[in-house]
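Trainee: My questions all concern the structure below.
The values are calculated or read from the model by the stated rules, or taken from the named source; none is laboratory data. No experiment lies behind these values; they were computed from the predicted model shown. Please note: Cβ atoms are built from the backbone with ideal geometry, for glycine as well, and neighbour counts cover all protein chains shown. Protein only, heavy atoms only, side chains kept; ligands, DNA and RNA dropped before computing areas. Shrake-Rupley method; radii C 1.70, N 1.55, O 1.52, S 1.80 Å.
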Amino acid sequence: MKIFNTENIRKIDRVTIEEEGVSSQELIRRVAEGVVSEIVGRWSPSTPVVIFAGSGNNGADALVVGRLLLEAGFYPRILLFNFKGNSLSRDCRQAKHELLSTGYQGLVEIIDRADIPPITPDHLVIDGLFGSGLRDPLEGGFKMLARVISESGASVISIDVPSGMFGDWNARVIGRDVVH
């Protein structure tokens, strides 16, 4: 198995888009299909699912996962973090539009303040908040949310990497010291 650092992953994505002619939307769809394939193989549609989607392409991945889960008979609760109502990337806006075009009514768009639903060990959480694009340690509400997810006892699927962690270096994760 090959393990790539964050810089290499970005380069692979860029080359795939620019040189192989694969659109960013197609890459997002491929990621989402892989995630959903694993979910469908391990959990039943009666499993309570909460999806946390950020405003970037990791959030787009999460929204497409939500749409595909709906098609598979699941009914996830989806929280989309779109602070000030205008922070979504182009791909995230597209994924939101496609999700809403299904008639789905469970999207909660967080513009300024979030009411986080209770998460129990019975839940499946999809973490699509930041992914490999995170550059700074989490602070404030996002740090608290990462801690709530981590300590909930729920099964968690993180798209790219768990929110609050970095693809290449993790000396301090969600307020806990990590020894290298």
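Trainee: Hey, what's the Kirkwood Rh for the stretch 11-161 if you take every pair of different alpha carbons, in angstrom?
Mentor: 15.6 Å
Trainee: Here is a follow-up. With every protein chain left in place, what is the accessible area per residue of the stretch 1-107 in square angstrom, probe 1.4 Å? Working shown, then result.
Mentor: Values: 5900 Å² over 107 residues.
For the stretch 1-107, the solvent-accessible area averages 55 Å² per residue.
Trainee: Kindly identify the stretch 102-155 as rounded, prolate or oblate by the Cα gyration tensor criterion: order the square roots of the eigenvalues as a ≥ b ≥ c, call it rounded if a/c is under 1.5, otherwise compare a/b with b/c, prolate if a/b is larger, else oblate. Please report the intermediate quantities before stating the final value.
Mentor: Details: a/c = 1.57, a/b = 1.15, b/c = 1.36.
Oblate is the answer for the stretch 102-155, as a/c is 1.5 or above yet b/c matches or exceeds a/b.
Trainee: Name the residues whose placed amide hydrogens come within less than 5 Å of the amide hydrogen of Ile51, ignoring near sequence neighbours (fewer than 5 apart) on the same chain.
Mentor: Under 5 Å from the amide H of Ile51: Arg77, Ile78, Leu79, Ile126.
Trainee: Using 0.36 nm per residue of separation minus the Cα-Cα distance, give me the extension gain between Ile12 and Glu109 in nm, one decimal.
Mentor: Details: separation 97, 0.36 × 97 = 34.92 nm, distance 3.11 nm.
31.8 nm is the gain from fully extending Ile12 to Glu109.
Trainee: Where nothing but the Cβ of Lys and Arg (+1) and of Asp and Glu (-1) is charged, how large is the charge dipole of the stretch 38-165 around its Cα centre, in debye to the nearest 20?
Mentor: Rounded to the nearest 20 debye, it is 200 debye.
Trainee: Quick one: compute a quarter of the convex hull surface over the Cα atoms of the stretch 51-91 and quote it in nm².
Mentor: Over every viewing direction, the Cα hull of the stretch 51-91 projects on average to 2.7 nm².
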